[in-house]
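The values are calculated or read from the model by the stated rules, or taken from the named source; none is laboratory data. Predicted model, so just to flag it, every value in this text is computed and none were measured. Note that we place each Cβ from the backbone using ideal geometry, even for glycine, and neighbour counts take in every protein chain shown.
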Amino acid sequence: MAGQLQARRPGSASTVRRVGIGLGLLLMGGLAVLLWHDRQARIDAAHRQSLAVATGVDRLLHYGLRNLERALSGIAADAAAWAALSPDQRDLLLDESISGVVARQQELHSIVLVDAQGDALSEGQGDPEFPQWHARSASRGGLAIGPLQAGDTGGWWLRLALPYDESRWLLARLHTGELAGMMRDLDVGRVGNVVILDRDGTLLARVPDGDGEGFTGRHLDLPEAIRGGAEAVTRRSTSPLDGIDRARGFSAASGYPLVVSVGVGIHEALATWYRLAAVSLGVSLLYWSGLAFLVRRLTVAERSHALLVDELSAQADWLDQAQRAANTGVWRMEADGEHAQVSAHTAAMFGFEAVEAAWPVARFFSRMHPEDRERVQLEFARAQASRQPFVAEYRVLLDDGRLRWISARGGVVGDARGGGGQFAGTVVDVTDRHEAHARIERAEAQFRALFERNPLPFWVFDAQSLRFLAVNRAAVSAYGYSVDEFLTMTILDIRPPDDERLVRESMLQRSHGADVDGVWTHRRRDGSLLEARVFSSGIEFSGRPARLVLAEDVSDRVAYERDLAWRASHDPTTGLPTLASLTAQLDALVKQGHAERYVVAYVRLRELERLAPTLGQRIGDALLREVAGRIELIGERFGLACHWPGQSFVVVALDPSRRAELLSELEQAIDAPVELEGGAHPVEASIGIAEGPGPDETAEQVAGHAALAALQAWQEQVPVMAYDRIMAVQAGERLMLARRIREALDRQEFELHFQPIQRISDGRTVALEALLRWRQRDGGFVPPDVFIPLAEASGLIVPIGHWILEQAAQAHVRVAAQGHRDVAIAVNVSAVQLLADNVPEVIREVQRRHDLPRGALHVELTESVLLRRPQAARMRMLELRGAGVGIAIDDFGTGFSSMAYLRNLPLDTIKIDRGFVHRVHADERNASICRALIALAHGLGLGTVAEGVESAEELEWLRRNGCDQAQGYYLGRPAPLDRVIESMVMAA
């Protein structure tokens, strides 16, 4: 109804608004086009006016300058006649002629005869600038126009020049005020102006501007066309002199190098147009105001009409909404008793879409379910005949097969014409109620099936008495009680006796809404226990509050989780707690105030890792468990104990005063051999002791201090060492130095210095030893014996070694370029680098990349290589020999090398340690050792290099005793490669 009423609302306001806006826009567009064309026409007229005036002024300027040119030409002609008739009087007559012309031509200041340099040859002032301008300023008639010149008493002169003869000219000075006089009284408007300029754009005269003295001499830009030779041009521009926008015309048709410019003010030319635009704006405003007034009046009228329609439709909407909200329809019987009037909702309930004026009642009965139709027809006929109320509930079958429940009521209402009442009533869709009831019945059936057939124990118990109200078959099977037995029990009967308090507390929490479900211990009928995960929910059972419980047997899972928890905090091999578990327990004791101070002993077993590879993993684990058992007993007596991953243990004495006793028992436990299948196995250990905790110190940090002390004891080969803060400082410094080494490698802070190795027989340099240096920002160096061992321990020696080999190869290339291809570069390779890295392959790659010959690189190894892995070292040395690399043993005589290894190794040279070379000429013991080493090397076919030669006496002794080569400060200190190459070139 409301929609129909809305559709009939008039739309006159919107129509008038649309048409009015369209006409207004069309009118505005037409006015805008007319105004634009009128404005352009006025601007074009101003351009034409400016060009016409400029052309006229240019013509006057032409006549004026032509008269001056004729006057000067007359002087020249008269002078030529006088030269022929009276040569003696020529100059006097010339002066008189010039004076006469100047007197007649008031615009001229003077006329002077000048030579080519501008020097005056007659009475008057010359012009030093004359040579610069007269040649380039001549006009077509021969008159040259020069630049402006300031007058003696103010004002400006325009210089003019006309040839007098082959080497002399008549120089005239024209008052620029005369030019301004030509332009006065011209019709250029109130803000218009006329300007005369030369071809360079210099302003010669301007009106209105007095006599032009205000702007004369200023430079103005001329149009490109005028500069290119055009005679007339127009353009619009804003004057740089007064800032006025003008339509400007330019004329340069006089034949002289001058330009006339006339400007007509744009604003003045558009004065009438502005009035026309104002009138047009007023007409537009008047139109839009009238349109707005008309639309407003129509809108108010439409709103009044809409309010009336809305009031009518609201009543219909209320009734429609009420019927929709209640799923209700109404009907009324016609007087014939066979037809009825029904509402749209009533028709929709029966599946009818169209609404008719009168419906046959039989159509509604045809929609009823066959099982309900006859019953409803009888009840309806009886009520209609007896005029009694009609009440019925029945089903309706829709066309799509859906079923709908209808509740119908009816009776006699009102007074009919003729004295009787009409039979009318309502129908209500109660399908939702029936479906909800059906769902409840299905849910109850499903619950019963779920409850009874669930594979997990299910039961219901009273929330107050705790008595079982219902149990399923799974509960009977799992707990061993029958259903009847369950119904005589409470939930306390399936719990251990000690849990009664917990059960009642949980029920109390349930009453306050808390969730206390979890894992509980239950007891079966046979007395065995199980771990059950309980899920419960509050329900109403037979009108009483109850709890529905589902119990899952998780005994195996709980046992597994307990085992996992134990494994997470204990070492599986020894059975002892882990360090994390011990430190957490220790920190908790300190926090709770049960341990203010304690002593931590870190026990690090020695050489245990060799036992498993030797005797087998089973024997190794057995020995470790035996030691762990001893440590565990000590931990029980003194406090705590744990296993540190590897072969280490931690024991804590909670009483610091028992420190000595703890150490004594630990030493006794370690000293006793372990009896195993293979016999008695001694155990050695290093023990570190630390006491704590200090301020803001955790148990993990104290254990770390003890571990640091044990490491120091292991390095110094002592059984026990107490922690000292200096150890932490030293360890921190080593860590910091290791980090600095890595950063130095990334930042390329390392450099190589080279020390020459000379052949003793002739003093020729045969090799350069590359020595690694680490330069600091202050210019100093970190000693190699400080950072190289740490680089070896951290593994950084491998990338550093790669860098050294690359730099050594580049050094050989540079040395060879200086003519010393036979000079080798010797590089020190540590045992770590040789055994951990594929050095031969790296060297071959470097040789290939830099095209190095065989023998270009030498490798110097220490004797420790032979001690660690002799067979692996020999294989690497054979690969180096195959790559053409010379091999030397460095610091020979200071290690413990076997002569058998020395015999079988692919060596080229042995280097005698500097300790034996020092004062070899005076120390007989050192001399004996050196003779033996030289003889040994020569006997094996090896060369010898003496290190650390610092005096001529030492070098002479080595020469006499057959040493092959030498190096040392006496022969050359380590230096950068550039300095070494320079010294080699000078020596050659």
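At-a-glance table
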{"read-out": "Qualifying residue in the range 125-133 (condition: at pLDDT below 85 and either under 22 Å from Leu93 (Cβ atoms) or in contact with a Leu (Cβ under 9 Å, 6 or more places away or on another chain) (or both))", "value": "no"}
{"read-out": "Some residue of the range 168-182 being surrounded by fewer than 16 Cβ atoms within 10 Å (Cβ to Cβ), of a type outside the set (Phe, Trp, Tyr) and over 60 Å from the mean Cα position of the chain (by Cα)", "value": "no"}
{"read-out": "In the range 209-235, the residues that are under 21 Å from Gln40 (Cα atoms) and in contact with an Asp or Glu (Cβ under 7 Å, 6 or more places away or on another chain)", "value": "none"}
{"read-out": "In the range 490-499, the residues that are more than 15 Å from Asp526 (Cβ to Cβ) and surrounded by 13 or more Cβ atoms within 10 Å (Cβ to Cβ)", "value": "Thr490, Ile491, Leu492, Arg495, Asp499"}
{"read-out": "Top-ranked residue of the range 720-730 - restricted to ones that are at pLDDT below 85 and surrounded by fewer than 20 Cβ atoms within 10 Å (Cβ to Cβ), ranked as nearest to Val651 (Cα to Cα)", "value": "Asp724"}
{"read-out": "Residue tally, condition among the aliphatic types (A, V, I, L, M) and either under 43 Å from the mean Cα position of the chain (by Cα) or surrounded by fewer than 16 Cβ atoms within 10 Å (Cβ to Cβ) (or both), over the range 564-589", "value": "7"}
{"read-out": "Qualifying residue in the range 635-644 (condition: modelled with pLDDT of 75 or more and loosely packed, with under 12 Cβ neighbours inside 10 Å)", "value": "yes"}
{"read-out": "Residues within the range 56-81 that are buried (at least 18 other Cβ atoms within 10 Å of the Cβ) and more than 30 Å from Arg168 (Cα to Cα), tallied", "value": "1"}
{"read-out": "From the options Ile800, Ile843, Ile804, Ile760, residue that is closer than 17 Å to Ala975 by Cα, touching a strand residue (DSSP E or B) at 6+ places or on another chain (Cβ under 9 Å), in the same structural domain as Glu956 (by TED's automatic domain parsing) and among the hydrophobic types (A, V, I, L, M, F, W, C)", "value": "Ile804"}
{"read-out": "Breaking point among (1) surrounded by 15 or more Cβ atoms within 10 Å (Cβ to Cβ); (2) among the acidic types (Asp, Glu); (3) more than 18 Å from Val476 (Cα to Cα), for Glu561", "value": "(1)"}
{"read-out": "Residue within the range 569-582 that is in a helix (DSSP H, G or I) and not aliphatic (A, V, I, L, M) present", "value": "yes"}
{"read-out": "Cβ pairs under 6 Å, 6+ apart, first in the range 916-929 and within 10 Å of Leu955 (Cα to Cα), second of a type outside the set (Phe, Trp, Tyr)", "value": "Val917/Ala946; Val917/Gly948; Val920/Asn926; Val920/Ala927; Val920/Cys930; Val920/Glu954; His921/Glu953; His921/Glu954"}
{"read-out": "Test: Asp185 is more than 30 Å from Ile75 (Cβ to Cβ) and free of Cβ contacts under 8 Å to residues at least 60 places away in the same chain", "value": "yes"}
{"read-out": "The one condition in (1) modelled with pLDDT under 80; (2) surrounded by 13 or more Cβ atoms within 10 Å (Cβ to Cβ); (3) among the basic types (Lys, Arg) that Arg597 fails to fulfil", "value": "(1)"}
{"read-out": "Which listed residue, of Gln509, Gln464, Gln446, is outside the structural domain of Asp553 (by TED's automatic domain parsing), polar (S, T, N, Q) and either at pLDDT 85 or above or surrounded by fewer than 16 Cβ atoms within 10 Å (Cβ to Cβ) (or both)", "value": "Gln446"}
{"read-out": "Set Ala205, Ala232: member being closer than 18 Å to Leu60 by Cβ and surrounded by fewer than 24 Cβ atoms within 10 Å (Cβ to Cβ)", "value": "Ala232"}
{"read-out": "Selection within the range 836-855 - of a type outside the set (Gly, Ala, Ser), part of a helix (DSSP H, G or I) and in contact (Cβ under 8 Å) with a residue 40 or more places away in the chain", "value": "Val839, Pro840, Val842, Ile843, Val846, Arg849, His850"}
{"read-out": "All positions within the range 232-283 that are outside the structural domain of Leu186 (by TED's automatic domain parsing), among the aromatic types (Phe, Trp, Tyr) and touching a helix residue (DSSP H, G or I) at 6+ places or on another chain (Cβ under 7 Å)", "value": "Trp273"}
{"read-out": "Strands (runs of 3 or more DSSP E) contained entirely in the range 466-557, each with at least 1 residues that are acidic (Asp, Glu)", "value": "529-541, 544-553"}
{"read-out": "Selection within the range 947-977 - surrounded by 16 or more Cβ atoms within 10 Å (Cβ to Cβ) and not in a loop (DSSP other than H, G, I, E, B)", "value": "Glu954, Leu955, Trp957, Leu958, Gln965, Ala966, Ala975, Leu977"}
{"read-out": "For Phe896: the one exception among (1) buried (at least 16 other Cβ atoms within 10 Å of the Cβ); (2) at pLDDT below 90", "value": "(1)"}
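So that you can scan it fast, the table gives a plain yes or no per residue for (1) loosely packed, with under 12 Cβ neighbours inside 10 Å; (2) free of Cβ contacts under 8 Å to residues at least 40 places away in the same chain; (3) farther than 16 Å from Val412 by Cα; (4) touching a strand residue (DSSP E or B) at 6+ places or on another chain (Cβ under 8 Å):
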position: Thr328; (1), (2), (3), (4): no, no, yes, yes
position: Glu334; (1), (2), (3), (4): no, yes, no, yes
position: Arg367; (1), (2), (3), (4): no, yes, yes, yes
position: Arg375; (1), (2), (3), (4): no, yes, yes, yes
position: Glu379; (1), (2), (3), (4): no, yes, no, yes
position: Ala385; (1), (2), (3), (4): yes, yes, no, no
position: Phe390; (1), (2), (3), (4): no, yes, no, yes
